[in-house]
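Presented below is the structure to which this report refers.
No lab work stands behind these numbers, since they all come straight from the coordinates. Not measured: the values here are computed from a predicted model. All Cβ positions, glycine included, derive from the backbone under ideal geometry; neighbour counts span all protein chains shown.
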Amino acid sequence: MFNGKILGSKILACRTPTRTLLAVALLTTLTSAAQAATNNDKDNAVVSSADYCSDNTRSQASSAKYQSNQQRTINCMLPLLRDYQQLSMTTRQQYFAYKAQAWLNYAYHEDSIKSRTAAGAQALQAGTAILQALQADEDENLSIITDIPSTSALMRPDLWATLTALKDNGGVDNAPREMAFSEVALVWAAADQCEHGWRQSSSHFRMADRWLEQAREAYVNAHDSQTNVALETLINNYFKQFSPLDPSDDKCRGQVLSLNK
């Protein structure tokens, strides 16, 4: 678990909180997915290739002899997300497209190692829901702030504090990819720690740390010193709120972040 030595002067940024409200519908979808994966056969596909694969991409995907239906479907979904990751799109659209990609990578990895869990089902459902919202031009209905699902936990409160403070202050505009990837990596890491212990989770926590450092650097370079110093204060304030939420027993129960504002 986190040893308390964090938040040095290298962590900087701004203070102009403008957060999007929690998307209740999306969170409900994630919770339902976890319950479904727990109560039903985890090998049942959640998405259908017919919904996302054209005749051409379906033919290419099916040529991968050793891929499951879920893997082939995800391979068809990822190119659709790339359209929303282009610089011509808004940074909000880019952020959600990268976040969906990270969720789908999570689900693909679990399926590829034949270890499908409720966490993987949530990841697949989350990525699918985001893609559908982008395709329907309804990304405004998605929340920048989403709660930690029940299959994960708030571990590494220092990283969650940095992520949340950056989100509060428009960090998504400066580093949409890095913000999205770091968030999913934190959820993934905690889920792995609950399932397999810290040796399994350490690589994902390091990955989240690297993505967040890049996001913080991009933000700092885009703002003046006064704004950046204000972020350091906000990060420390969030860290004080999040530290008691770090589970000492390494059990995953989820965490409502929207109520900690």
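For the reader, a short list of remarks on this structure follows.
- Under a 5 Å amide H cut-off, with hydrogens placed 1.01 Å from N, residue 143 pairs with 23 among residues at least 5 apart or on other chains.
- Under-5 Å amide H pairs with residue 148, H placed in peptide plane, nonlocal only: 255, 257
- Note on residue 86 and residue 226: their simple-model spin labels are 4.0 nm apart, each label 7 Å out from Cα toward Cβ.
- Proximal charge balance of residue 239 [Cβ under 11 Å; K/R count +1, D/E count -1]: -1
- Its relative contact order, with pairs defined as Cα atoms under 8 Å and 6+ residues apart, puts segment 179-247 at 27 percent.
- Remark: segment 172-180, residue by residue, has Karplus-estimated 3J(HN,Hα) of 4, 5, 8, 8, x, 5, 5, 5, 5 Hz, where x stands for each Gly or Pro and the curve is 6.51 cos²θ - 1.76 cosθ + 1.60 at θ = phi - 60°.
- Cα centroid separation - segment 105-183 against segment 200-226, whole Å: 16 Å
- The aspartates and glutamates within cross-link reach of residue 167, meaning a Cα-to-Cα straight distance under 15 Å and a gap of 8 or more places when in the same chain, are 147, 158, 178, 183, 213, 217, 232.
- Around residue 106: net Lys/Arg minus Asp/Glu count, Cβ-Cβ under 12 Å: -2
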